[in-house]
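> Pasting in a structure now, in structure tokens, and then I'll have a few things to ask.
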Amino acid sequence: MKKSLLLYISLVFTSVSFAQVSQVADLNPGAVGSNAIPELTINGNLIISTWNAAWSATEIWSYNGTNAPTKLTQIDPSLIPGRYVHLLAGFNGKLYFTYGNPSGGYGEGLWEYDFVNAPTKILDSDPSAAEMGYSTINFNNKMYFACSDPTNGMELWTYDGVNTPTLAHDLHPSGSSSPSAFTLFQSKIYFGANDGTISYLYEYDGVNTPTVITNNLYYYGKPFPVNNNKLYFTRRTNNLTFSECVHEFDGTTVTLLNLPNVGEGLDYRSTEINSAHFGVLYFSVTEWATGQWKYWEYDFTNPAGPAIYPLHQAASHNNEVYFYHNGDSFGKELWKYNGTNATRLTDLNPTGDLNYVSNAYLYQNKIYFGASDEVTGTELWVYDPSFVGLNESMLNSINVYPNPANSFLSIDADQVIEKVSILDLNGAIVQRESTNKFSIETLTSGMYILKVETTDDIVTKRFTKN
């Protein structure tokens with residue numbers, strides 16, 4: 001998808017330096033890419049999953065932040081074409097995963113890998129079916145997860161890292177309760193499960209039988225957001241009309257939030273609470289008639305309204321939130337937000353979207369993400385906030401004027417300019433220069449991308465030819 005000019009208003013002077021953004025590795029050389037996703041951290045190493053298109057299978061890599069990523073060949077499913085690995089959790093310094101079942105779903109048992117010896121299958125509760133759920137949590141030196149067996153269906157299981165995993169509780173004796181969305185809150189586990197008709201929010205202390213907090217829960221696989229020592233979730237107040245409302249739980253009482261603006265006059269359904277940052281709740285709703293997602297925010301003081309930034313898949317670091325956003329003429333890029341101002345951090349692909357395949361992930365005080373520059377395909381990239389000073393210095397050292405321009409364009413730079421390229425919005429180079437002042441009279445009117453390469457960096461700027 002090429003970048004839209006619809007939102008091009010005041011961003012003419014926006015520029016990006018790549019001093020603090022770099023590709024970690026090209027794990028699948030070529031234009032296809034590896035579709036790298038930073039998954040979790042174990043023993044100080046970042047665990048990365050990639051999709052190998054040639055084998056139609058997943059590969060798992062380990063990265064220590066310094067050396068090149070290493071493929072964990074012992075669990076390489078490319079040896080079994082058509083299979084894939086679903087990473088479940090890190091627990092007691094080991095990696096837990098399941099192989100994809102050829103018939104669909106997560107199956108082939110629960111596997112344990114200590115990064116030294118070959119992986120071991122520690123549980124195969126139902127060899128004939130896809131038995132593993134996709135949600136886990138570590139609590140009080142145990143790992144809890146959803147698992148299915150022929151007798152109990154999909155229920156809550158536990159593993160202490162030593163003994164054979166066991167069924168913890170059968171919440172729906174006549175079927176499957178399918179527990180998921182495990183969330184740690186006030187030293188207890190909260191999760192969603194169902195009885196085949198109605199879904200419930202459960203509270204579990206790891207010892208006693210889980211307790212129902214409320215019913216008619218509408219939940220997804222990811223954890224419930226927690227903000228100011230309160231848990232937030234969506235509950236259907238009328239299970240017949242599927243009218244979902246946002247609720248909060250303080251550990252004792254469930255309270256319906258007053259969000260009169262959400263869906264007012266429209267038929268909005270499938271409300272999903274995404275995150276909570278800076279004392280603001282971010283959520284999304286789907287308009288039932290069109291299926292269109294809309295992002296909303298609520299600051300607990302003013303009525304809910306459209307969210308300026310969709311902080312639904314974000315990583316937090318030093319009081320800033322990192323997220324991807326398709327918010328201006330640059331297309332889908334990496335941004336950061338401090339609760340007041342938002343800054344675009346990347347423009348890796350001047351002629352299209354980054355095509356993110358993963359959330360931003362914090363590792364060793366850096367932000368890792370999957371992105372495509374349309375040269376190497378979708379690979380693993382990193383943003384280093386510690387280079388902010390150098391980046392801002394570089395941006396300030398380059399000035400392009402006039403903008404808009406008629407006949408000539410000038411560049412003031414503190415560093416030596418090695419190459420200047422002008423690209424149209426399709427990415428084609430329409431003019432090359434090697435000086436800091438040149439004619440643009442041959443260009444037709446419109447917006448262009450100016451790419452300035454110095455001895456130390458690359459900076460891109462938009463400019464308009466009148």
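> Which of PHE91, PHE323 comes first, and how do the rest follow, when ranked by fewest Cβ neighbours within 10 Å?
PHE91, PHE323
> Which order do the peptides 428-436, 186-194 take when ranked by the mean count of other beta-carbon atoms within 10 Å per residue, highest first?
Answer by packing, highest mean first, reads 186-194, 428-436.
> With 26 Å as the limit, write out which pairs from LYS94/LYS188; LYS336/LYS451; LYS366/LYS465; LYS188/LYS366 have Cα-Cα distances beyond it, or answer none.
Cα-Cα > 26 Å for LYS366/LYS465; LYS188/LYS366; rest within.
> Most exposed first by the Cβ proxy, i.e. fewest other Cβ within 10 Å, how do VAL382, VAL459 rank?
Lowest to highest Cβ neighbour count: VAL382, VAL459.
> Amide H of THR271 versus every other amide H placed in the peptide plane: which residues, excluding those fewer than 5 positions away on the same chain, fall under 5 Å?
Here GLU244, THR286 satisfy the definition.
> While we're here: Using the 10 angstrom Cβ neighbour count as an exposure proxy, how do SER386, SER410 rank, fewest first?
By the 10 Å Cβ count, ascending, the order reads SER386, SER410.
> Right, something else. Round to a whole angstrom and tell me the spacing of the C-alpha centers of the stretch 398-441 and the stretch 104-181.
Centre-to-centre distance over Cα atoms comes out at 59 Å.
> Which of rounded, prolate or oblate describes the stretch 402-465 when judged by the alpha-carbon gyration tensor and an a/c cut-off of 1.5?
Taking the square roots of the gyration eigenvalues as a ≥ b ≥ c, the stretch 402-465 is prolate.
Any read-out appearing in this document is the output of simple, stated calculations on the displayed coordinates, not a laboratory observation. Because the structure is predicted, anything quoted here is derived from the model rather than measured. Heads up, the Cβs are rebuilt from the backbone with ideal geometry, glycines too, and the neighbour counts pull from every protein chain shown.
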